[in-house]
1. If you check 231, 226, 235, which single one turns out to be touching a strand residue (DSSP E or B) at 6+ places or on another chain (Cβ under 7 Å) and either under 19 Å from residue 280 (Cβ atoms) or surrounded by 17 or more Cβ atoms within 10 Å (Cβ to Cβ) (or both)?
2. Applying the selection to the stretch 138-166, what residues are surrounded by 15 or more Cβ atoms within 10 Å (Cβ to Cβ), over 19 Å from residue 86 (Cβ atoms) and over 19 Å from the mean Cα position of the chain (by Cα)?
3. Being without any contact (Cβ under 8 Å) to a residue 60 or more places away in the chain and surrounded by 23 or more Cβ atoms within 10 Å (Cβ to Cβ), is that true of even one residue in the stretch 262-284?
4. What are the residues in the stretch 208-230 that are in a helix (DSSP H, G or I) and either closer than 10 Å to residue 187 by Cα or in contact (Cβ under 8 Å) with a residue 40 or more places away in the chain (or both), if any?
5. So how many residues does the stretch 75-122 have that are in a loop (DSSP other than H, G, I, E, B) and touching a residue at least 24 places away in the same chain (Cβ under 8 Å)?
6. Give 220, 200, 174, 194 a once-over and let me know the one that is surrounded by fewer than 20 Cβ atoms within 10 Å (Cβ to Cβ) and either closer than 19 Å to residue 80 by Cα or under 18 Å from the mean Cα position of the chain (by Cα) (or both).
7. Collect the residues in the stretch 81-95 that are surrounded by fewer than 23 Cβ atoms within 10 Å (Cβ to Cβ) and under 27 Å from residue 153 (Cβ atoms), keeping them in residue-number order.
8. Would you say residue 135 is part of a strand (DSSP E or B), surrounded by 22 or more Cβ atoms within 10 Å (Cβ to Cβ) and either under 16 Å from the mean Cα position of the chain (by Cα) or modelled with pLDDT of 95 or more (or both)?
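The values are calculated or read from the model by the stated rules, or taken from the named source; none is laboratory data. All figures in this text were calculated on a predicted structure; none of them were measured in a lab. Counting neighbours? That spans all protein chains shown, and the Cβs are built from the backbone with ideal geometry, glycine included.
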């Protein structure tokens, strides 16, 4: 196993605010593209059609999802996680190998905070009532590792960490229900994502209850097993020369209106699904289908945080 280097592992009870580590921290904000939102939305998620799922209503909402997925076979997905706090040491075969090991070591030691799932049919239409389920996992700022700027960003986006501590979902209970939900291990389900290596890394960790494979090839084998069809909007953008940037920038260029607060997994997953179907609308069928074939299961494992372009490869 590769050793890990921790440029910023934040334990509030060990490192007081007046004594920050004397090592430059890794860039580490979360969410899909764009800039941080400094104020939480005054409109509730449920008013936006986003159902917040906590420990107390987890089983009830999965019962609903098992019904929804029978008609709505496109699942747009996004996660929120506590940034990047470690980097692997050693020799690497390539920059791609380094990026996967960076993903692996951080997913292995950190906990997922949120998962957003949005359901759409073949025409991009969403279910009546709730369109999106936002799963809020157990996370304790006094015990779990995180990067401070990531937590600041999520708090500014309206994430309630006290409630995550008290009523957050247990990962094992979630994984058990997800396995029987009808949305994983299914050939007819099409997963939509945006620059989603870390997102799927956290999902695989949940589903297997194990650390990620050492080899990237084994990681992709697991992806093919649990998520047979994945389309990453970031790869589809290569067929649209004018589309650039993160999720919010792409949505702006496509003239899409965000629903719900940015940097929350529910809203980001909904915007991802909207972007996919908008691109299908603006591209010719031949070009779009060609892009789908090229993007199928092409997942970029490079960290896509708030300042991801500042990462320096070893």
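1. One residue alone meets the criteria, 231.
2. 165
3. Taking every residue of the stretch 262-284 in turn, none turns out to be without any contact (Cβ under 8 Å) to a residue 60 or more places away in the chain and surrounded by 23 or more Cβ atoms within 10 Å (Cβ to Cβ).
4. Scanning the stretch 208-230 gives 216, 219, 220, 223, 224, 225, 226.
5. Going through the stretch 75-122 one residue at a time, the tally reaches 15.
6. 220
7. Scanning the stretch 81-95 gives 86, 87, 88, 95.
8. Yes.
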